[in-house]
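*Asks:* Please find one structure pasted underneath; my questions will follow.
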Protein chains: 2
Amino acid sequence: MSFGLASRPKNLPKRSKRGGFLHFPPWSNLESVDSRDRRHGIEFANGARSPFGKGKVSMSDDESRGEAPSERTRVKHYNWLARYDRKTVEDILDATPLAHVGCLMNGVPFVTPTFFWRENDRVYWHGAAAGRMFKVLEQQDICLTVSLLDGLVVARSAFNFNCNFRSVMLLGRAELIRDETVKVKKLRNFVNRLIPGEWERLRPIHEREVKVTALASMSIAEASCKVRIGPPLDDDEDYAFPSWAGVIPIRYQVLPPEADPRNLPDTEMPDDILKFHLG
Amino acid sequence: MSFGLASRPKNLPKRSKRGGFLHFPPWSNLESVDSRDRRHGIEFANGARSPFGKGKVSMSDDESRGEAPSERTRVKHYNWLARYDRKTVEDILDATPLAHVGCLMNGVPFVTPTFFWRENDRVYWHGAAAGRMFKVLEQQDICLTVSLLDGLVVARSAFNFNCNFRSVMLLGRAELIRDETVKVKKLRNFVNRLIPGEWERLRPIHEREVKVTALASMSIAEASCKVRIGPPLDDDEDYAFPSWAGVIPIRYQVLPPEADPRNLPDTEMPDDILKFHLG
């Protein structure tokens, strides 16, 4: 089964295509459009009509939104809005180092923000080996969510207020990587992904540092995404209402690096530092 | 018991004050400093020494970092780094509309990004009443986490790489607000908090829109925060290592609003639209 545009049911109740106030995926009823066109608002890319006939979305012919990899990742409400294709999953995972991990501890679903990174079909994150998350991680299925806020969508009614965003939710069983050689290799990948070549410029890692660091890994196979871009989608009759509508774009901004005053004299900043980016 | 600077144990092992790679609170071993001094890097505010002797943190005499409101919110590792005082909790909650809610569904701790807002000692969030989160929310203790990424901290060793951030984690039992008059009042607060006076400019809300919207509320009483600002904190001997160290600041940027091309002719953008901010 495909969740491409063509598969959108024709007999949806009128309200179902609306935003329903500002609420994120994957259970909200936000409209979903192609993630590769990340421009905000108004203009869309290449000619395909959006499912709502109010904009154009970029979507090449050979693409599909994919199929839900499992029942529990299948978006239950308004499922034609979801995306499960690998390209969208990877694009969102690669856009930011910040994830939120859901892990049950003492009966409570704790949500922990953490840096993470992707290599091929797995994500990795690390922390203090003594931390309680890493002690219980392998005994349960967990959830890792990545979300990026791209804009506030100002509609003509409060109900159709919305936000532009990209998000992906991964479900599955994480495993800890205990082999120290592999751990070092992965941590090197992490650092060099943030700043190219940085690992080689750093003081070499100590064995004890590797020992006290836990490294977790999880497959990205069970993933679901939602993406919203574009202008507000108001009720037809509300377009005659005289309030201002539009999009307030939001993005991460990386500011000029600030040198540590304790740097050695004549320490030059490598150009690679300027290659750090996110969003 | 206070977790102020003075209460820091004197006999900590050497490594315990370090970052331990990029990992967020509340179980990482990041150093925590005052949240109201949000300048990045290098200079701190008003003369108090940090617990690490490598910077100054702003902390007025009448303040404390507070006490953990419950055993389960008490930060277990490096607990002198945490903050539980109400001012820090509110400052972080008020800095962004984006939260991640952890809720157990079918045995999995799903993490759902959602917009939220604070009023006094409670947070609120909403969504489609038919969504599965709102059906199970009241039957369990949940977690609502808010985090803001403020910078990448480039140290002289990979182990001391870090990030500057602010985060708060709320635990507790949420309740659904079913009274429709109260719901409308709260949703108005939400919209007007994003953009002052916006609710009054919008097409008035329909009764059916209120009915299909679920509104959840939770106390902020059980909260724990972590905040890191400032330059890298390297091992003493690494300051002689000749690599560049510093901070790459990160922040949210709100870009100029883009008008919906379907706005009525002569629709002017209210100045209040420019008051939307986050970070």
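Just so it is clear, none of the values below were taken in a lab; they were calculated from the coordinates. Keep in mind that what you see is a predicted model, and the values were worked out from it rather than measured. Please note: Cβ atoms are built from the backbone with ideal geometry, for glycine as well, and neighbour counts cover all protein chains shown.
*Asks:* If the label point is 7 Å along Cα→Cβ of A:N120, which residues in the stretch A:172-197 have backbone nitrogen under 20 Å from it?
*Replies:* Backbone N within reach: A:172-194.
*Asks:* Within 10 Å of each residue's Cβ, count the other Cβ atoms and sort A:E207, B:E209, A:E175 from fewest upward.
*Replies:* Neighbour counts put them in this order, fewest first: A:E207, A:E175, B:E209.
*Asks:* In addition: Output the pairs from B:K186/B:K275; A:K275/B:K275; B:K87/B:K211; A:K87/B:K135; A:K226/B:K185 with a Cα-Cα distance over 27 Å in this structure; if there are none, say none.
*Replies:* Working: B:K186/B:K275 20 Å; A:K275/B:K275 31 Å; B:K87/B:K211 35 Å; A:K87/B:K135 32 Å; A:K226/B:K185 29 Å.
A:K275/B:K275; B:K87/B:K211; A:K87/B:K135; A:K226/B:K185, as the Cα separations exceed 27 Å there.
*Asks:* Counting partner chain Cβ atoms within 10 Å of every residue's Cβ in B:128-137, what's the average?
*Replies:* 4
*Asks:* Now, a different point. Neighbour counts of other C-beta atoms within 10 Å: give me B:V247, A:V111 arranged from fewest to most.
*Replies:* Lowest count first: B:V247, A:V111.
*Asks:* For the pair B:A130/B:D271, report the inter-label distance in nm, with labels modelled 7 Å from Cα in the Cβ direction.
*Replies:* With each label point 7 Å from Cα toward Cβ, the separation is 4.3 nm.
*Asks:* Kindly state, to the nearest 0.05, the FRET efficiency for A:T181 paired with B:E71, given R0 = 41 Å and r defined as their beta-carbon distance. The partial results should precede the final answer.
*Replies:* Working: r = 39 Å, r/R0 = 0.95.
Efficiency for this residue pair is about 0.60.
*Asks:* For peptide B:146-153, how many partner chain Cβ atoms fall within 10 Å of a residue's Cβ, on average?
*Replies:* For this peptide, the per-residue mean of nearby foreign Cβ atoms is 4.
*Asks:* Would you work out if the stretch A:201-271 is rounded, prolate or oblate? Take a ≥ b ≥ c from the square roots of the eigenvalues of the alpha-carbon gyration tensor; rounded if a/c is under 1.5, else prolate when a/b is larger than b/c, oblate otherwise.
*Replies:* Oblate is the answer for the stretch A:201-271, as a/c is 1.5 or above yet b/c matches or exceeds a/b.
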